[in-house]
1. Do we have Ser33 as among the small types (Gly, Ala, Ser), open to solvent by 70 Å² or more (accessible area, probe 1.4 Å) and more than 25 Å from Gln4 (Cα to Cα) here?
2. If I filter region 5-19 for residues that are free of Cβ contacts under 8 Å to residues at least 40 places away in the same chain and of a type in the set (A, V, I, L, M), do I get at least one hit?
3. Sort out which residues of region 63-95 are within 21 Å of Ser185 (Cα to Cα), of a type in the set (S, T, N, Q) and surrounded by 12 or more Cβ atoms within 10 Å (Cβ to Cβ), and write them in order of number.
4. Of the residues in region 115-157, how many are more than 9 Å from the chain's Cα centre (by Cα), β-branched (Val, Ile, Thr) and modelled with pLDDT of 50 or more?
Amino acid sequence: MTQQQEFIDRFRRDDFGLDAEGRPTGIPEHVRSSFEQALSIVSKDLYSDDLHFVYELIQNAQDNSYQEGVIPGLKFVLLSDDPTQSENSKGCLCIINNEIGFSEADIKSICSSGKSTKKLKKAEGFIGEKGIGFKSVFKVSNYPHVFSNGFHFQLLGDDKVTGLSYIIPYWINDLPSVVKENRESTCILLPLIKDKYEAIKTELRRHKPE
């Protein structure tokens, strides 16, 4: 077990009250509150434009840290097949960013509803304020996968095991080929909800890199 996987296991146990099989052992009040916030955000605060998540991810890439001498790069790759083989999905949008990679604090931020490491970095020139931008991907994907700095996990838009959707990380052992080909970068894979694939394909073609 890697250091990153040990952190995810500990995080699931200590912060979300889950046992080794992933079952709730009693949900702490702060988790219940966070979940209620997440539900409210996902149902009310996300944007009506399905493609807005693209701008949130671009903003994240701008706010990320990069190795000295590295020219920041961000790539969107739309696959017709879903390498994650997620249920009821068609195709997959892969977001590849050559940033330094996720820290433990970033994991906690992405698995919350209002916290953000950007707030801590604002004095350094970071723009973002909301810790909910990533939640916009749930407009188009029920199973976002994150591969970064040794962390491999997914979040569920409908978590029937814990009853805590959007915020519980599930460790992933197998790496899709697109991730293996970009090991030095952060890869976010969005297996797309079936009726979203064609619309996203059309809209991405309309957007120039500039």
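The values are calculated or read from the model by the stated rules, or taken from the named source; none is laboratory data. Model, not experiment: these values are computed from the prediction. Backbone-built Cβ (ideal geometry, glycine too); neighbour counts: all protein chains shown. Accessible surface areas use protein heavy atoms only, side chains included; no ligands, DNA or RNA. Shrake-Rupley method; radii C 1.70, N 1.55, O 1.52, S 1.80 Å.
1. When the stated conditions are applied, Ser33 does not pass them.
2. no
3. Of everything in region 63-95, those that are within 21 Å of Ser185 (Cα to Cα), of a type in the set (S, T, N, Q) and surrounded by 12 or more Cβ atoms within 10 Å (Cβ to Cβ) turn out to be Asn64, Ser65, Thr84.
4. Counting residues in region 115-157 that are more than 9 Å from the chain's Cα centre (by Cα), β-branched (Val, Ile, Thr) and modelled with pLDDT of 50 or more gives 3.
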